[in-house]
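The structure under discussion appears below in the form of structure tokens.
The values are calculated or read from the model by the stated rules, or taken from the named source; none is laboratory data. Here the structure is a predicted model, which is why all the values come from computation and not from measurement. Don't worry about glycine lacking a Cβ; one is built from the backbone with ideal geometry, like all the others, and counts go over all protein chains shown.
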Amino acid sequence: MGTAHAVLAARDAVEGPFAACNADDFYGPGAYRLLAEHLRGEAAREVGRAPPVHALVGYRLDATLSAHGGVARAVAWSGPDGLLARLVEVREVRRTDLGLRGVTATGAQRELTGEEPTSMNLWGFMPDVLAVLQDQFATFLASPHRAPDAEFFLSTALDEQVTAGRAKLRVLSAPDRWLGMSFAADVPAVRAALAALVQAGTYPADLRAAFTRL
């Protein structure tokens, strides 16, 4: 029922700070290092300090688009301190003759620069997030206006937590290129990019063997 529900489904296996990501996206090794450093730092903070500071690895919006159609992206706006101010779901983001444009959940047109940090679902959470997500999910399920196909998104849930003062979210700038597929026509470009990473030694030629060595 959405990315936030997927995280809740794993709550019984979580014992401390944890990361969550899409299984079918390539984020780059530098992004994981950033996230690990953040989680280690937060785990070392004084116990009981509130609210918890979660993390989102953000990628430049214009580097996450497809040439083959509009995409949905959660666009992050943060302050000078690097903490999230707003995280807004924007759909049908695409390049037009007038620049980058998308549509918000209310149907409003949104003009974008392409430089905005964007969530590609690479998150770092302190365990405190789970209890708040549980409360939010109960509210989501109880809503009389919920559409049958509605999803419980991490981006929406974390934006609400930040707005309500129940969490902080640090936006980390990804040092690596993101790779993923929104349309079947994206496959050749992603295949070529992964082949280049294999040649450079950044990505294993044999994933099964690489996981066996972990």
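List of remarks:
- The set of residues in the stretch 178-209 being within 25 Å of the chain's Cα centre (by Cα) and small (Gly, Ala, Ser) consists of Gly180, Ser182, Ala184, Ala185, Ala189, Ala192, Ala193, Ala195, Ala196.
- Residue within the stretch 92-111 that is under 25 Å from Ala23 (Cβ atoms) and either surrounded by fewer than 18 Cβ atoms within 10 Å (Cβ to Cβ) or not assigned by TED's automatic domain parsing to the domain that holds Pro80 (or both) present: yes
- When residues of the stretch 112-160 are limited to those that are of a type in the set (S, T, N, Q) and within 12 Å of Thr3 (Cβ to Cβ), the one surrounded by the most Cβ atoms within 10 Å (Cβ to Cβ): Ser119
- Residue count for the stretch 63-91, restricted to those that are surrounded by 14 or more Cβ atoms within 10 Å (Cβ to Cβ), within 21 Å of Arg170 (Cα to Cα) and of a type in the set (D, E, K, R): 2
- Qualifying position, being of a type in the set (A, V, I, L, M, F, W, C), assigned by TED's automatic domain parsing to the domain that holds Arg166 and either more than 18 Å from the chain's Cα centre (by Cα) or more than 19 Å from Leu133 (Cβ to Cβ) (or both), among Ala19, Ala9, Ala36: Ala36
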